[in-house]
Ligand SMILES: *Cc1c(COP(=O)(O)O)cnc(C)c1O
């Protein structure tokens with residue numbers, strides 16, 4: 001169906017099994033869609049504005065953020081325009097241009113770009129490379145010492161990608177936090193691919209800052225929304241208000257995501273809070289499908305066994321088929337689509353990733369069958 005002459009409506013979640021890792025845990029619930037629909041007009045959250053988005057009582061943004069702080073076991077939380085703005089806010093608040101910041105080799109590009117924009121000097125903790133791409137927590141200490149040697153000071157901030165979006169590796173964040181504590185380096189945990197899917201306990205881990213992507217991991221849909229949670233110690237520096245407009249936090253330029261994305265996040269939250277308790281089922285499904293695909297000769301890269309719903313694969317079998325199939329390297333996309341599955345980037349056959357997050361066991365079995373069927377039929 002078209003809404004205008006050249007604008008099609010989208011129907012992925014309604015008609016297909018969508019295994020795109022970017023979208024799997026951002027998918028909305030029916031009540032989310034109702035909330036979004038009623039708040040879709042511009043500045044809809046501002047009907048009863050009392051000065052700042054995060055202090056709003058109606059809709060109850062303020063009490064919602066208190067619940068989020070408790071959920072993540074942090075002290076205070078604000079809404080941001082995505083995870084990237086949350087990271088940049090911390091960088092901008094506590095570093096000066098030229099300061100050293102340590103990040104991991106599996107970082108998302110937005111970590112790097114946020115650092116660039118803050119004009120800090122970037123040091124990277126490399127992974128152990130193919131096939132595991134594992135980040136070793138102790139290596140943070142080595143890079144801290146290198147920074148000390150080169151600059152005379154410890155870095156101003158360390159950032160860890162809790163779960164990376166390429167391989168779905170889960171890093172032991174507590175170990176990294178411990179290394180940071182030993183060296184007195186503030187620690188930002190980027191939970192774009194973890195919070196909202198799996199339990200994350202900020203205090204237990206020892207994070208100073210937690211950033212989240214809610215259109216990715218908290219069922220907040222296609223809007224643009226993230227979270228920044230901090231411990232009490234950092235409230236003053238990172239949530240500092242404007243000197244002239246005392247209720248407006250500087251780092252989010254007063255108010256951040258002023259519309260339906262906020263309502264989407266709030267509407268989905270009861271389900272998100274519940275679903276993280278069933279993370280073990282997600283890991284079980286993930287390990288099961290990896291086993292099935294590996295039996296068919298499609299190899300998982302990254303740390304094994306899988307600890308996350310996102311898996312990265314390498315497949316000579318599927319690649320070889322692309323050399324003779326009439327649809328060339330686009331065949332896998334179309335063959336999966338014919339079997340009711342979307343979400344693997346069109347054109348990929350040798351290396352690809354997908355997620356089974358939120359799928360029923362029957363759906364996971366169907367996905368495994370589809371890959372095996374394609375490999376057998378054309379291989
Ligand atoms: C997706 C992703 C981001 C970006 O999140 P936004 O909310 O879109 O800014 C940041 N970090 C990681 C690890 C990601 O996977």
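The values are calculated or read from the model by the stated rules, or taken from the named source; none is laboratory data. These numbers come from a predicted model, not from an experiment. FYI the Cβ positions are ideal-geometry reconstructions off the backbone, even for glycines, and counts take in every protein chain you see.
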**Request:** Count, please, the residues in the range 347-371 that happen to be more than 22 Å from the chain's Cα centre (by Cα) and either surrounded by fewer than 17 Cβ atoms within 10 Å (Cβ to Cβ) or touching a residue at least 60 places away in the same chain (Cβ under 8 Å) (or both).
**Result:** 11
**Item:** Among (1) more than 16 Å from the ligand (Cβ to nearest atom); (2) assigned to a loop (DSSP other than H, G, I, E, B); (3) within 21 Å of the chain's Cα centre (by Cα) - the single one residue 67 does not satisfy
**Value:** (2)
**Unmet criterion (only one of (1) in contact with a helix residue (DSSP H, G or I) (Cβ under 6 Å, 6 or more places away or on another chain); (2) within 12 Å of the ligand (Cβ to nearest atom); (3) more than 23 Å from residue 173 (Cβ to Cβ)) for residue 110** = (3)
**Message:** Out of everything in the range 202-218 that is farther than 20 Å from residue 39 by Cα and part of a loop (DSSP other than H, G, I, E, B), what residue ends up being farthest from the ligand (Cβ to nearest atom)?
**Reply:** 206
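Which one is surrounded by the fewest Cβ atoms within 10 Å (Cβ to Cβ) among residues in the range 219-238 that are in a loop (DSSP other than H, G, I, E, B) and more than 10 Å from the ligand (Cβ to nearest atom)? Full working, then the answer.
Filtering the range 219-238 for residues in a loop (DSSP other than H, G, I, E, B) gives 219-225, 231.
Remaining after also requiring more than 10 Å from the ligand (Cβ to nearest atom): 219, 221-223, 231.
On the way: 219: 24, 221: 25, 222: 14, 223: 22, 231: 20.
Restricting to residues being in a loop (DSSP other than H, G, I, E, B) and more than 10 Å from the ligand (Cβ to nearest atom), the top hit is 222.
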**Prompt:** Restricting attention to the range 37-47, does a residue exist that is in the same structural domain as residue 187 (by TED's automatic domain parsing), surrounded by 13 or more Cβ atoms within 10 Å (Cβ to Cβ), free of Cβ contacts under 8 Å to residues at least 12 places away in the same chain and away from the ligand (no atom under 16 Å from the Cβ)?
**Reply:** no
**Message:** Looking at the range 145-174 only, could you name the residues that are under 23 Å from residue 86 (Cβ atoms) and either assigned to a helix (DSSP H, G or I) or at pLDDT below 95 (or both)?
**Reply:** 173, 174
**Request:** Could you figure out which of (1) in contact with a strand residue (DSSP E or B) (Cβ under 9 Å, 6 or more places away or on another chain); (2) assigned to a helix (DSSP H, G or I); (3) closer than 13 Å to residue 269 by Cα isn't true of residue 86?
**Result:** (3)
**Asked** Is it the case that the range 189-201 has a residue that's at pLDDT 95 or above and part of a helix (DSSP H, G or I)?
**Response** no
